[in-house]
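Below is one structure, written out as structure tokens; the observations come after it.
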Amino acid sequence: MAFLLSKYTTLRIMYRMKHLYRLTHYGYTLLSSSTILFWALLTLFIIVNALDAHSTFLVMRPAHYKRERNPVARWVFRKLGLPRGIIIFKTVLLAILIPAMGFYAGNDLFTINIVLIVCDLVFILVVKHNYRVYQRVRQYR
């Protein structure tokens, strides 16, 4: 009886692993061959960057540069002023990253899709944090 139970358990585990392989293989296929996913993630990346620019402006206005955590961005904002610095910084950043991602997507779509997923998630967290900081700052004004 114990032998049958372990054989049954083994078969169940093998079935689940086969099913899991299908899911992971489908996920790999989706990430590695889907240009539609790449363009959707890139569009989301641009939208989240625009929201990051807006939330950064709200948190830092009129001239609270110390609230910016990125030292390069803080330096640009001090040199160019707040609205112009944010627009120029984001424009240059996206002008460098988008062609690089497009070029890299032609060579290795799987990796660039994973990078875009991670970047989108990180920027979503940053935007969420910025809007929370803005809510706290607004209470004290």
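Please compute the net charge surrounding R69, taking Lys and Arg as +1 and Asp and Glu as -1 over other residues with Cβ under 15 Å from its Cβ.
On the way: positive: K66, R67, R74, R78, K128, R132; negative: D52, E68.
Local net charge: +4.
What is the stretch 35-140 by shape, rounded, prolate or oblate, if you read a ≥ b ≥ c off the alpha carbon gyration tensor as root eigenvalues and call it rounded for a/c under 1.5, prolate for a/b larger than b/c, and oblate otherwise? In terms of gyration-tensor shape, prolate. Mind checking which aspartates and glutamates have their Cα closer than 20 Å to the Cα of K128? Skip sequence neighbours fewer than 8 apart in that chain. Leaving aside aspartates and glutamates fewer than 8 places away in the same chain, those within reach of K128 are D52, E68, D120.
Taken together, the values in this text are just the output of simple stated rules run on the coordinates, not laboratory data. Keep in mind that what you see is a predicted model, and the values were worked out from it rather than measured. A quick note on method: Cβ atoms are made from the backbone with ideal geometry, for glycine too, and the neighbour counts reach across all protein chains shown.
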